[in-house]
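Contents: one structure, followed by commentary.
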Amino acid sequence: MHRRDFLKLSATTGCAALLGPSLGGCAGPAQWQKLMTQGPAKESPTACNICFWSCAAVVHTIGDQIWKITGHPDDPHCEGRLCTRGTGGVGAYNDPNRLVKPLMRVERDGKQSFEVVSWDKALGFIAEKLTKIAREHGPDRLAAATHGPGAAHFIHLLRAFGSDSIAEPAFGQCRGPRDTGFYLTFGEGVGSPEQTDMENARCVVLIGSHIGENLHNSQVRTFADAVRNGAEIIVVDPRFSVAASKAQHWLPIRPGTDIALLLAWMNVIISERLYDAGYVARNTTGFDQLAAHVAPFTPEWAWNETGIEPDVIRRTARIMASAAPATVLHPGRHSTWWGDDTQRARAMAILVGLLGIWGRKGGYFIPEAAELPEFPLPAYPTPKTSWRDVTSKKYPLAGAPLVDVVLDNCIGPDPHYRALIIYDTNLPMSVPGAGEKLAQAAKSLDLIVAIDVQPSEATGYADVILPECSYLERYDVLRNDDEREPCIALRGPALPPRGESKPGWEIAREIGHRLGLDKYFPWKDYTEVIDWRLKQVGGSLEEMRKIGVKRFPRKTPVYYEPGAAIAFKTPSGKIELYSTILKDAGFDPLPLPARQPPPPDGFYRLNYGRAPQHSFSRTQNNPVLYQLMPENVVWIHPSTALRFNVENESYVRLVNQDGKVSNAVRVRVTERTRPDSVWLTHGFGHTAESLKLAYGRGADDSALMTRVLFDPISGGTGMRGNFVTLRRESA
Amino acid sequence: MQEEVLASVMANPRVVPDLQIWGWQIATYLFLGGFAAGLMVFSGWAIVSGREEQAPFAATRAPLVALGGLAVGMTTLFLDLEHKINVWRFYTTLQVTSPMSWGSWVLLLVMPALALLAIAGLPRAVPPLERWLEGLPFAGPRIIAPVFRLCFAWRRPLAAVNIGLGIALGIYTGILLSAFNARPFWHSALLGPLFLISGLSTGAAAIVLGAGEPRERHLFGRLDLGLIAVEMALVGLFVIDMLNGNALQQAAVARVLNGNMSSLFWFGFIGLGLGVPAVLEAAMWRRAAAPIAMAAALLVLGGGYLLRHIVVATGQQTSWTQLHNQFDPALLERLRGDGPDPDGRF
Amino acid sequence: MAHYAMVIDTRTCIGCCDCVDACRMENKVPEGLCFDWVVEITKGRYPDLKTEFRSERCNHCSHATCVEACPTGASQYWNDSNIVVVDALRCTGCKACIAACPYDARLIMQPEGYIGKCTFCVHRVQNGDDPACVAVCPAKAMHFGLLDSPTSEVSRLLATRDHYTLMPETGNKPNVFYLR
Ligand SMILES: Nc1nc2c(c(=O)[nH]1)N[C@H]1C(S)=C(S)[C@@H](COP(=O)(O)OP(=O)(O)OC[C@H]3O[C@@H](n4cnc5c(=O)[nH]c(N)nc54)[C@H](O)[C@@H]3O)O[C@H]1N2
Ligand SMILES: Nc1nc2c(c(=O)[nH]1)N[C@H]1C(S)=C(S)[C@@H](COP(=O)(O)OP(=O)(O)OC[C@H]3O[C@@H](n4cnc5c(=O)[nH]c(N)nc54)[C@H](O)[C@@H]3O)O[C@H]1N2
Ligand code: SF4
Ligand code: SF4
Ligand code: SF4
Ligand code: SF4
Ligand code: SF4
Ligand SMILES: [Mo]
């Protein structure tokens, strides 16, 4: 079967693979009266996976029922406080629409459908296909698109098999440009969690970053610390974000002109000699070129570009400089905006260098992870072709595989890749244009496997859908991030897997065994790996099941000594204000401002981002989070409302510059959006019918992103260059 | 410009986004409570003032009608309870601050007093029933007949008690609402008197309807005209009170005067419920024509219900708290399975 | 009398609704209902704007009109404190208390029909824990404690920071305070 149609899991085919209803009431005394006398609940440690911030948490169960999930008090990611989404994690377990049985695409009488099959059949089918591909084309022709901590098991599987083509939307659609820009400047990217020392900052500068709506837990908490401590908050955002509402200085910038503002700030800081001269002299190269470069970019010039008045630019530049080094110029995170994103990140990184805040208290601290040995396994084979071979033709400086490029190489009569594994990512909604690409790839590829917890937009293209159990029902790789204080956190099961769903490690191992990769999976149960690793640092799984989080003392200082000369991992060993790498690759060695075309008449910029109640496109069907936000609404400015004669609660469709039409979406008329823009929360407008709550609710920003502004340096897919107009809906 | 929206969704049924805790059941109960109160007062008055001959319906049958009305009213009140198994809890305590608690005790006193008055009048109200009851073997002569006699003998003091309790009941139906500071439209001291007078008016109308004799019909028709006049004055004062009240009260009364309740108020209550019957009754000042008098009485009864309906509904449309959902709150109904598509989720 | 108060800092509250979420989980609030909610207030015109978030719930009024209106005593103060709770075993569902609450803080529990509301998490407070919403707030914007002691965190915050309550003109003497 070669031509695959997108299949919706319908009631007739897929119902048995989804969980049934589970609602009930109770009579008698009130809940609080019962709670007054309720015995202690069972508590088991986990790490949240509603986003990959992976806050350590405690699951409280009563019998076989999950009661609540709370933050682990010792965890630096959450300090005992999960975010809205993490608290709503209960719904990830209770969602009645979860996948609970393996499904395979079958064709009967010319009609394709998904059928429930045994694990053995599904895995056997996958192994058979992969073996054939390895034999005929080589194992390097297997690619994967992954996300999240659980991806480690499948990355391991691919590397063992002989492929390193593993792309994640968290790079090309998220951090790619930022990390590339900082990498080019500092020789290293910005960590995750970001090493921003906001709790000690006297000034915080957010460029875009909508912390508050972006609910990365410790970021929110430390930002709130900064607000509480009375730090000067400078927020550059065309929209009146939550962060902007906390700021003394909100700079409602003309979209897409941040580089101009950054250059003007540098102009002020250099011309008024507000930079940390000693730090710059000791630790940077290219200052003179930079000074000459920014000289023409005066605040007066930038006013015309950005719409920000010169005295505001001067004042904010002076504030951030006088607070330095206790200034957090936040690197941002989702940075695939306008196609000039690596250069914008460069401009931010250069400013970080000028202010001398890298490695300084109140600026960027130096993160450290625990020294946790890997489980001893044989070395991976070297792939015959690497992801670089397919990527570097287009993006020579791309630091990681790109989902786009992988998909492009899955298409055509003789595609480079022959099979695709999709794990924990929903490509049609997270990568602009990926829906169509996946549809085309489905015609060319020999095998598509999707491993997911729910029937998503991506699973519809798969030959085999494997149901993973939720994070509350499985072990995963130990969390050991670079952070302020080294610490390890455990994700362990609080409940048995629902239905026939299985943990990712088991799925990966089962496929591995069937591919003859036994030596890479020499254990029966993944707990052996966890236990072995913990024992190397004086712990054990048994201990970890009790404590959940294990902290370690730091071995290196959190900050550099003032006045120290720092060794950077750049070619020059210094902060490269002027980038020779970029120059050699044919790019601008110093960032240049760009301009974005204004919206055509009657059109508005499509702005998008997060709402605190949801994660990407993964939580809209979560019954707990659905209660907080069952749909997205489109924010329009009152002047837009007047023009289209719509008001609150009316429904409209958004039509983009290429005629793409969205679902009907409710209007919110608000001053918080720029008059030339509209705002949508990302992740809504699901087309997978078996997501009973989420299906058809709200508008999908991704589907309206038909104009992608590729960043030539990082390969990021700039998403902000799209325009929409409104079409009134009758009801 | 000020925008105030809910960041979360609030869909607590019948509380937010719209307060709809009390509907026709409570309006009916308040109406029938007032109606029964009116009948009690007039029945008592007819007996105490020695007008039993002149007003036979009021003196004998009216308590029966009141009893029936009140029973229906208490049934609708019961129907309104969300947690019916605990209805007996009303009578395990007297909560001194709660008009509803007082009301439930008043009802407990009203029922027997009214029943005794009804019994006193029963032999003349429904003679065949009396004959049949007294003819019952054993209980008839030994228990029922003496009870009838006793009640009849004590009918004057009973009537006086009924007047007092009737006034209490009538005022209580208004006090019940006016005690709610939280609902600006109800928070007026005039609501008690207004409901009392309206109750008397509906009581009088009921007697006009039931009276077999032109004399009695004429008497209560004229009485009713006076009550309507007083009621109109009270309505006017109530409106003025609201117009002079706080901003929320002004907004509430605006709903009645020219908002969503205005056609019911002007055409239904003021026009058909008060104005037309007043004109008809005035025209019959000297001589009543039975069909017209009955038509006027029916209109008064309808107006009485409308008054309760308008007050109960409008009071719930204005509150201190204004919460606006930005997301469609009806979407949460899908979770509870009580939305338009109960299987929506599965 | 134990005088409990909740103090919420609107300067740091980000409107994330975690408090609503945590309350639902902790108190097993039936799906679709809520004991607390978050209001967003925006004033001004672009770009001169001010937005404030406010996490709201029952105010555990010192003068609780709901308790006064209840005909059965089901609505009551808990253990000589200002914490207002509803005893489901006494509640008739007459809804007088709902009509009496100017803050619309009460609800009809589905499907049982007794009246529900924020309990200030008495079941946690009795053990000395913060209410669930306070304990979860990622911005640490919420505080809970006794006003009887002048050194408690809530007393200190109220003594040092400008604050307001919702509609004090109701006369209900609300005990959820908002710091400006
Ligand atoms: N609740 C929740 N939180 C999350 C996530 C989630 O799914 N849900 N996802 C997490 C992930 S992976 C990421 S990457 C982050 C993303 O969160 P951020 O990294 O904070 O995302 P940004 O794109 O920087 O921020 C979006 C803001 O940029 C503004 N903006 C639009 N155009 C411009 C412009 O031209 N210039 C400037 N200066 N601003 C502009 C928008 O108005 C919006 O307020 O959030 C993380 N946090
Ligand atoms: N239009 C638009 N596109 C964007 C963004 C945007 O703001 N707008 N943001 C971008 C950013 S910053 C990022 S980081 C990416 C993120 O993009 P993705 O990584 O694709 O994130 P999700 O949309 O959350 O996709 C998650 C998928 O994983 C599944 N899943 C959830 N939990 C589990 C689990 O435990 N196991 C398995 N196997 N599967 C699970 C979900 O069901 C869902 O199908 O999106 C990017 N794309
Ligand atoms: S930030 Fe929130 S969703 Fe992400 S891991 Fe932490 S608690 Fe979970
Ligand atoms: S949890 Fe805290 S920050 Fe979030 S809405 Fe509630 S009070 Fe505000
Ligand atoms: S807020 Fe309402 S429910 Fe809470 S104590 Fe006050 S009056 Fe009662
Ligand atoms: S509904 Fe229940 S708690 Fe409320 S007033 Fe009636 S009996 Fe009291
Ligand atoms: S105090 Fe407890 S019951 Fe009240 S809103 Fe907070 S979590 Fe809910
Ligand atoms: Mo991201």
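Looking only at the stretch A:606-630, residues that are in contact with a Phe, Trp or Tyr (Cβ under 6 Å, 6 or more places away or on another chain), over 22 Å from C:A22 (Cβ atoms) and either in a loop (DSSP other than H, G, I, E, B) or of a type in the set (D, E, K, R) (or both) come to 0 in all. Selection of the stretch A:291-338 for residues being on the phi > 0 side of the Ramachandran plot and crowded, with 24+ Cβ neighbours inside 10 Å yields only A:G332.
Confirm whether A:E631 is surrounded by fewer than 24 Cβ atoms within 10 Å (Cβ to Cβ) and away from ligand 7 (no atom under 16 Å from the Cβ).
Working: surrounded by fewer than 24 Cβ atoms within 10 Å (Cβ to Cβ): no; away from ligand 7 (no atom under 16 Å from the Cβ): yes.
Here the answer is no, as A:E631 does not meet what is asked.
Scanning the stretch C:2-20 for residues that are among the hydroxyl-bearing types (S, T, Y) and over 10 Å from C:R54 (Cα atoms), which turns out nearest to ligand 5 (Cβ to nearest atom)?
The initial filter retains those residues of the stretch C:2-20 that are among the hydroxyl-bearing types (S, T, Y), namely C:4, C:10, C:12.
Checking the rest, the ones that are also over 10 Å from C:R54 (Cα atoms) come to C:4, C:12.
On the way: C:Y4: 12, C:T12: 24 Å.
Taking the candidates together, the pick is C:Y4.
Taking first residues from the stretch C:102-124 that are over 13 Å from B:I21 (Cα atoms) and partners that are within 12 Å of ligand 6 (Cβ to nearest atom) and of a type in the set (K, R), the Cβ contacts under 6 Å between residues at least 6 apart in sequence or on separate chains come to C:A105/C:K117; C:K117/C:R106.
Screening the stretch B:2-29 for residues that are within 7 Å of another protein chain (Cβ to nearest Cβ), more than 16 Å from C:A100 (Cα to Cα) and among the β-branched types (V, I, T) and picking the one that is surrounded by the most Cβ atoms within 10 Å (Cβ to Cβ) gives B:V9. For the stretch C:30-64, which residues satisfy the criterion of being among the hydroxyl-bearing types (S, T, Y), in contact with an Asp or Glu (Cβ under 6 Å, 6 or more places away or on another chain) and outside any strand (DSSP E or B)? Matches in the stretch C:30-64: C:Y46 only.
One residue stands out in the stretch A:634-683 among those that are part of a helix (DSSP H, G or I) and surrounded by fewer than 22 Cβ atoms within 10 Å (Cβ to Cβ): the one that is farthest from the other protein chains (Cβ to nearest Cβ), namely A:F644. Among helices (runs of 4 or more DSSP H) entirely within the stretch A:65-155, having at least 1 residues that are within 14 Å of another protein chain (Cβ to nearest Cβ) and under 29 Å from A:A170 (Cα atoms) singles out A:84-87, A:90-94. Would you check if there is a residue in the stretch B:137-149 being facing another protein chain (nearest Cβ under 9 Å) and of a type in the set (G, A, S)? No: zero hits. Checked against the criterion of being hydroxyl-bearing (S, T, Y), in contact with a strand residue (DSSP E or B) (Cβ under 7 Å, 6 or more places away or on another chain) and either over 30 Å from A:H293 (Cβ atoms) or at pLDDT 95 or above (or both), the candidates A:S218, A:S209, A:S192, A:S245 yield just one match: A:S245. Where helices (runs of 4 or more DSSP H) sit wholly within the stretch A:341-440, those with at least 3 residues that are closer than 30 Å to A:G516 by Cα occupy A:387-391, A:403-408.
Between C:T72, C:T42, C:T92, C:T65, the distinction of being within 7 Å of chain B (Cβ to nearest Cβ) and either without any contact (Cβ under 8 Å) to a residue 12 or more places away in the chain or within 16 Å of ligand 8 (Cβ to nearest atom) (or both) belongs to C:T42 only. As a summary of the residue check, A:D95 satisfies the conditions (1) away from ligand 3 (no atom under 16 Å from the Cβ); (2) among the charged types (D, E, K, R); (3) touching a residue at least 60 places away in the same chain (Cβ under 8 Å) except for the one numbered (1). Applying the criterion of being more than 7 Å from every other protein chain (Cβ to nearest Cβ) and out of contact with any strand residue (DSSP E or B) (no Cβ under 8 Å at 6 or more places or on another chain) to the residues of the stretch C:45-62, the residue that is farthest from ligand 3 (Cβ to nearest atom) is C:S62.
The values are calculated or read from the model by the stated rules, or taken from the named source; none is laboratory data. Remember, predicted model here, so these are calculated numbers, not experimental data. Ideal geometry is used to build each Cβ from the backbone, glycine not excepted, and the neighbour counts take in all protein chains shown.
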